[in-house]
Amino acid sequence: MPQQPARCHDRTPSKRAACTRRSERRWPGRDTATATAPTGTDLHFVRGRCGRLLDHLLYRIGCLAGDVSPGGRERCIGLGYWFYRGQPGAQASFKPAAARGRVVRVQTVWRKVRRRLNFYLVKLEMKIGRERLWSFPYELAIDVTNKCNLHCSYCPTGRGEQGGRGRGSMDLATFRDIIDELGPYAYRVELFNWGEPLFAKDLPEMVAYAEARGVRTIVSSNLSFPLAEDRLRDLVDAGLSYLTAAIDGVDQSSYETYRRGGRFELALNNLRRFVEYKRASGRANPHITWQYLVFAHNEPYVETARAMASEMGVDCFSAIGGLHDDPAWAPSKAYSFDYLQVRGNRCVWLWQKAVFHWDGGFASCCAGFHKKDDFDAYQRGTFRRMWNNEKFRTARRIWTRPESPLPEGHFCSDCDKVRLFRGLPLRSGPASVEREAARGGARR
Ligand SMILES: C[S@@+](CC[C@H](N)C(=O)[O-])C[C@H]1O[C@@H](n2cnc3c(N)ncnc32)[C@H](O)[C@@H]1O
Ligand code: SF4
Ligand code: SF4
């Protein structure tokens with residue numbers, strides 16, 4: 001195939017010389033006369049004024065859209081690439097010295113723009129109170145398994161309940177379908193809800209699949225079980241973004257009061273191994289949090305745990321008020337928790353976050369445990385229909401039309417958040433909820 005002449009060779013000798021000098025500066029050692037472009041999927045090339053200008057403009061747009069992360073310039077789109085892609089004579093092997101910070105990731109930028117636009121659409125639809133949504137949720141929670149080894153007294157799984165769906169783990173195909181459909185709009189996915197996520201066989205594959213599509217993954221684990229080194233490494237190497245270790249004590253007795261059946265030293269040691277492997281592998285992720293649920297019995301040890309966490313080198317220590325039916329469990333003061341989170345007179349779950357059970361059950365929010373309370377069952381390619389089905393629209397109406405009567409038998413009608421919002425008495429619910437209500441609702 002004959003080679004296309006570079007544009008500058010049609011010009012006057014002086015312009016040609018200037019062009020060659022510029023090119024030399026950009027890509028030293030490269031002969032302008034034989035300049036050809038990269039091809040295929042190799043997104044490493046921007047060249048010429050046009051590409052530079054577009055590159056710069058899109059960089060500015062990226063900055064406006066909030067893409068000011070380190071290396072943001074490199075992540076900017078360079079449409080110049082498209083002028084060259086697939087040109088006759090293109091040399092697939094040519095990679096111009098990383099293009100000096102003007103390298104372009106077209107898809108990455110488009111994904112960011114799309115997510116950002118959807119994010120604003122969610123906010124807009126929530127604010128104006130739309131019940132039938134155009135937007136997609138920008139957060140996901142996928143309960144990859146409801147199996148667990150512990151018996152925490154406030155958790156239905158810990159009490160041995162199965163919610164009418166049996167014990168199981170989500171299969172990889174269903175997980176991929178959900179990520180394929182919702183991943184383009186979602187910033188992050190929590191891979192847990194009512195079980196111990198590390199008991200899901202395919203967890204590392206799930207993490208890798210979501211992360212590769214730009215969806216940050218979050219795992220919360222009790223870590224109180226023997227954890228093989230390979231398993232630990234696979235999870236970190238898969239690119240997990242956030243790991244929360246739920247350890248609510250500083251020794252066996254303060255720990256096992258709530259985490260029944262758990263072994264404190266084992267959990268602590270596993271947490272330490274995660275920290276050490278992350279450090280040894282030189283990775284920035286996962287961001288590791290020691291989460292400490294505060295109850296009356298372990299409240300005196302919060303600062304001791306904080307000191308242990310700091311000494312161990314975890315990234316974050318988080319003391320959170322634990323919920324419990326028994327008022328005697330309530331700690332003496334408030335610790336942050338978002339159970340009653342309401343923003344702008346809306347329950348955010350119904351606009352911004354989608355929750356799935358391991359069997360594909362589509363729940364209203366993380367509180368949905370029983371199969372009978374599912375709002376739908378996930379089927380590939382049907383999300384928009386499910387997201388706007390009668391149950392979801394009715395739930396949104398509770399918030400957008402506060403004067404309307406609460407729908408009989410609807411899952412949300414029995415929710416404390418709704419009751420607080422409507423000025424109704426709370427259910428005889430968890431002590432922490434009563435306390436939150438007395439303090440005037442949730443923060444965050
Ligand atoms: C049901 S657990 C499932 C994940 C995992 N098994 C664990 O315990 O971390 C989900 C989250 O709820 C938290 N949690 C458990 N019991 C709680 C309680 N009584 N009050 C508030 N949060 C609780 C856990 O610490 C965890 O972060
Ligand atoms: S470890 Fe997590 S899932 Fe298991 S019983 Fe406790 S809170 Fe529930
Ligand atoms: S049950 Fe409550 S928290 Fe859950 S979606 Fe309905 S209103 Fe929101």
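Data table
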item	result
Any hit, the stretch 156-178, residues being crowded, with 21+ Cβ neighbours inside 10 Å, in a helix (DSSP H, G or I) and either more than 9 Å from ligand 1 (Cβ to nearest atom) or aliphatic (A, V, I, L, M) (or both)	yes
Flag for Ser135 being within 11 Å of ligand 1 (Cβ to nearest atom), in contact with a helix residue (DSSP H, G or I) (Cβ under 6 Å, 6 or more places away or on another chain) and polar (S, T, N, Q)	no
Some residue of the stretch 345-352 being part of a loop (DSSP other than H, G, I, E, B), at pLDDT below 95, within 12 Å of ligand 1 (Cβ to nearest atom) and not charged (D, E, K, R)	no
Number of positions in the stretch 104-154 that are in contact (Cβ under 8 Å) with a residue 60 or more places away in the chain and within 16 Å of ligand 2 (Cβ to nearest atom)	13
Members of the stretch 201-241 that are within 16 Å of ligand 2 (Cβ to nearest atom) and either within 15 Å of the chain's Cα centre (by Cα) or farther than 27 Å from Ser153 by Cα (or both)	Leu203, Ile218, Val219, Ser220
Residues within the stretch 180-219 that are buried (at least 22 other Cβ atoms within 10 Å of the Cβ), among the charged types (D, E, K, R) and within 26 Å of Val113 (Cβ to Cβ), tallied	1
Which numbered condition Leu198 misses (of (1) aliphatic (A, V, I, L, M); (2) away from ligand 2 (no atom under 11 Å from the Cβ); (3) within 18 Å of the chain's Cα centre (by Cα))	(2)
Answer residue from the stretch 243-258, given it is crowded, with 20+ Cβ neighbours inside 10 Å and among the β-branched types (Val, Ile, Thr) and is farthest from the chain's Cα centre (by Cα) among those	Val250
Single condition Ala296 does not satisfy, out of (1) surrounded by fewer than 16 Cβ atoms within 10 Å (Cβ to Cβ); (2) touching a Ser or Thr at 6+ places or on another chain (Cβ under 8 Å)	(1)
Output for the stretch 290-304, where each listed residue is within 14 Å of ligand 1 (Cβ to nearest atom) and touching a helix residue (DSSP H, G or I) at 6+ places or on another chain (Cβ under 9 Å)	Trp290, Tyr292, Val294, Phe295, Ala296, His297, Asn298
Residue within the stretch 286-297 that is farther than 18 Å from Gly249 by Cα and of a type outside the set (S, T, N, Q) present	yes
Residue within the stretch 181-197 that is farther than 26 Å from Trp329 by Cα, assigned to a loop (DSSP other than H, G, I, E, B) and of a type in the set (D, E, K, R) present	no
Condition check for Lys391: under 21 Å from Trp194 (Cα atoms), at pLDDT 95 or above and more than 22 Å from the chain's Cα centre (by Cα)	no
Phe375 vs. criteria closer than 25 Å to Trp194 by Cα, of a type in the set (Phe, Trp, Tyr) and out of contact with any Asp or Glu (no Cβ under 8 Å at 6 or more places or on another chain)	yes
Single residue of the stretch 397-418 satisfying the filter (of a type in the set (Lys, Arg) and surrounded by fewer than 19 Cβ atoms within 10 Å (Cβ to Cβ)) that is farthest from ligand 3 (Cβ to nearest atom)	Arg401
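Results for (1) out of contact with any Lys or Arg (no Cβ under 6 Å at 6 or more places or on another chain); (2) more than 14 Å from ligand 3 (Cβ to nearest atom); (3) assigned to a strand (DSSP E or B), shown as yes or no for each residue.
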{"site": "Thr304", "(1), (2), (3)": "yes, yes, no"}
{"site": "Ala309", "(1), (2), (3)": "yes, yes, no"}
{"site": "Ala319", "(1), (2), (3)": "yes, yes, yes"}
{"site": "His324", "(1), (2), (3)": "yes, yes, no"}
{"site": "Tyr335", "(1), (2), (3)": "yes, yes, no"}
{"site": "Trp358", "(1), (2), (3)": "yes, yes, no"}
{"site": "Phe362", "(1), (2), (3)": "yes, no, yes"}
{"site": "Phe392", "(1), (2), (3)": "yes, no, no"}
{"site": "Ala395", "(1), (2), (3)": "yes, no, no"}
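Table: residues versus (1) among the hydrophobic types (A, V, I, L, M, F, W, C); (2) touching a residue at least 40 places away in the same chain (Cβ under 8 Å); (3) touching a Phe, Trp or Tyr at 6+ places or on another chain (Cβ under 7 Å).
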site: Leu191; (1), (2), (3): yes, yes, no
site: Trp194; (1), (2), (3): yes, yes, yes
site: Leu198; (1), (2), (3): yes, no, no
site: Ala212; (1), (2), (3): yes, no, no
site: Ser220; (1), (2), (3): no, yes, yes
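The values are calculated or read from the model by the stated rules, or taken from the named source; none is laboratory data. Please read all numbers here as calculations on a predicted model, not as lab measurements. Using ideal geometry, Cβ is built from the backbone for each residue, glycine included, and neighbour counts are taken over all protein chains shown.
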